[in-house]
Amino acid sequence: MNTAAARPKVIVTGRLPEDVERELLVRFDAQLNIDDRPFTARELQQALQSADGLLTTVADRITADVLDVPGRRANIIANYGVGYNHIDVHAAKAQGVTVTNTPDVLTDCTADLAIMLMLMVARRAGEGERLVRAGQWQSWRPTHMIGTRVSGKTLGIIGMGRIAKATARRAQHGLGMNVVFFNRSRLAPEQLEGLDAQQCDSIEDVLAQADFVSLHCPGGEETRHLMNAARFAAMQRHAFLINTARGDVVDEAALVDALNQGLIGGAGLDVYEHEPRVPAALLTMENVVLLPHLGSATRETRTGMGLMAVDNLSAFFAGQTPPNKVA
Ligand code: 8YV
């Protein structure tokens, strides 16, 4: 008997950690992307036509047009990642396509990275490293590469979800920081899970107080360019912007202007409006730390994310509601 033929066909759009790929091959008739070559819109459509399910990443733009392909066979898109603003979930819902994500497993590592960016940009770590590697460090001097103290400062958070709370905990318990935040809905004290953080009524209230502004809201139409020229002007001149959320939450042109005009102290960025493109102006600025979307990039987390996506697919094919269904 050929049991393989009965297994659901899953197309995977990116190279995944070894343990995850092995599990995919065990559970499904899986087509892996060994070359790690990004899928075009047409290839995504062909995948939707030929597989029962897709395992996608943030690099795949699943638009209404992509989903609207004739003869679609796939009824599930298991996204590898917690954010899913690259998938048109309204169109997916309308077409009866289930979408799942991978929350929680990446919370700690992304929060670690937000703290790392704060420390790097305030303490001029990238700049210092570039200097040493260029062989230009001449001597220890009391006034050399003076940065900004992080401990005890005020962290302003926009969007108090899971990753924000984990970042706030590290800032408060590890660095003795004061935490203020804005969140669309009012959070009850127990929802702060023991954090001593003050909720502000507006984003502007947060910007007025914060020495570090860390973005943790989801991407998408509602939050697009939430950080615009007026909001950069509302930040303190010494304050740093940290973005580990989504690139389109920041108007990048306005950020470049704000940095050029010295309206803010600097920025630590892990995400960009048009990844993998990074505005050329940012590349030349020493008070900006630029990372290539590394928030969840640890062996442990990337494996956890993959196994979670695999479980979502398994549940779907077993006729159950996947544990992390978002549409
Ligand atoms: C992932 C992320 O690496 O989970 C997210 O939303 O931004 C990243 O941590 C990415 O989504 C992979 O698809």
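The values are calculated or read from the model by the stated rules, or taken from the named source; none is laboratory data. Note that the structure is a prediction, hence the values are computed from the model and not measured. Note: ideal-geometry Cβ built from the backbone for every residue, glycine included; neighbour counts use all protein chains shown. Ligands, DNA and RNA are stripped out before the accessible areas are found, and what is left, the full protein with its side chains, is counted by its heavy atoms. Shrake-Rupley method; radii C 1.70, N 1.55, O 1.52, S 1.80 Å.
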**OP:** Only residues in segment 270-297 that are within 18 Å of Gly128 (Cβ to Cβ) and open to solvent by 30 Å² or more (accessible area, probe 1.4 Å) count as the first member; pair them with residues that are assigned to a helix (DSSP H, G or I) and modelled with pLDDT of 95 or more, Cβ under 6 angstrom, at least 6 apart or cross-chain, and list the lot.
**Re:** Glu286/Glu127
**OP:** Take Asp52 and decide whether it is at pLDDT 95 or above and touching a Pro at 6+ places or on another chain (Cβ under 6 Å).
**Re:** yes
Original post:
From the set of residues in segment 46-65 that are within 12 Å of the ligand (Cβ to nearest atom) and among the hydroxyl-bearing types (Ser, Thr, Tyr), which is surrounded by the fewest Cβ atoms within 10 Å (Cβ to Cβ)?
Top reply: Thr57
Original post:
Yes or no: Arg124 basic (Lys, Arg), more than 21 Å from the chain's Cα centre (by Cα), crowded, with 19+ Cβ neighbours inside 10 Å and at pLDDT 95 or above?
Top reply: yes
**OP:** Filter segment 105-143 for residues that are touching an Asp or Glu at 6+ places or on another chain (Cβ under 8 Å) and not in a helix (DSSP H, G or I) and give the result.
**Re:** Arg124
**OP:** Go over the candidates Leu215, Leu313, Leu241 one by one and state the one that is farther than 18 Å from Leu117 by Cα, open to solvent by less than 60 Å² (accessible area, probe 1.4 Å) and touching a strand residue (DSSP E or B) at 6+ places or on another chain (Cβ under 6 Å).
**Re:** Leu313
**OP:** Could you list all residues from segment 21-31 that are within 16 Å of the ligand (Cβ to nearest atom) and either open to solvent by 40 Å² or more (accessible area, probe 1.4 Å) or touching a Leu at 6+ places or on another chain (Cβ under 6 Å) (or both)?
**Re:** Glu21
Original post:
Restricting attention to segment 304-327, which residues are under 16 Å from Arg7 (Cα atoms) and in contact with a Pro (Cβ under 7 Å, 6 or more places away or on another chain)?
Top reply: Asp311, Asn312, Ala315, Phe316, Phe317
Subject >> Residues (farther than 15 Å from Arg149 by Cα, in a loop (DSSP other than H, G, I, E, B) and not hydrophobic (A, V, I, L, M, F, W, C)) located in segment 238-252 >> reply: Thr244, Arg246, Asp251
Subject >> Output for segment 161-180, where each listed residue is open to solvent by less than 40 Å² (accessible area, probe 1.4 Å) and part of a loop (DSSP other than H, G, I, E, B) >> reply: Gly161, Met177
Original post:
Taking segment 268-327 on its own, how many of its residues are part of a loop (DSSP other than H, G, I, E, B) and either touching a Cys at 6+ places or on another chain (Cβ under 6 Å) or hydrophobic (A, V, I, L, M, F, W, C) (or both)?
Top reply: 11
**OP:** Given the conditions (1) assigned to a strand (DSSP E or B); (2) over 15 Å from Ile203 (Cβ atoms); (3) of a type in the set (Val, Ile, Thr), report the number of the one that Ile146 does not fulfil.
**Re:** (1)
Original post:
Looking at segment 89-121, which of its residues are open to solvent by less than 60 Å² (accessible area, probe 1.4 Å) and either away from the ligand (no atom under 16 Å from the Cβ) or of a type in the set (Gly, Ala, Ser) (or both)?
Top reply: Ala91, Ala92, Gly96, Val97, Thr98, Ala111, Ala114, Met118, Met120, Val121
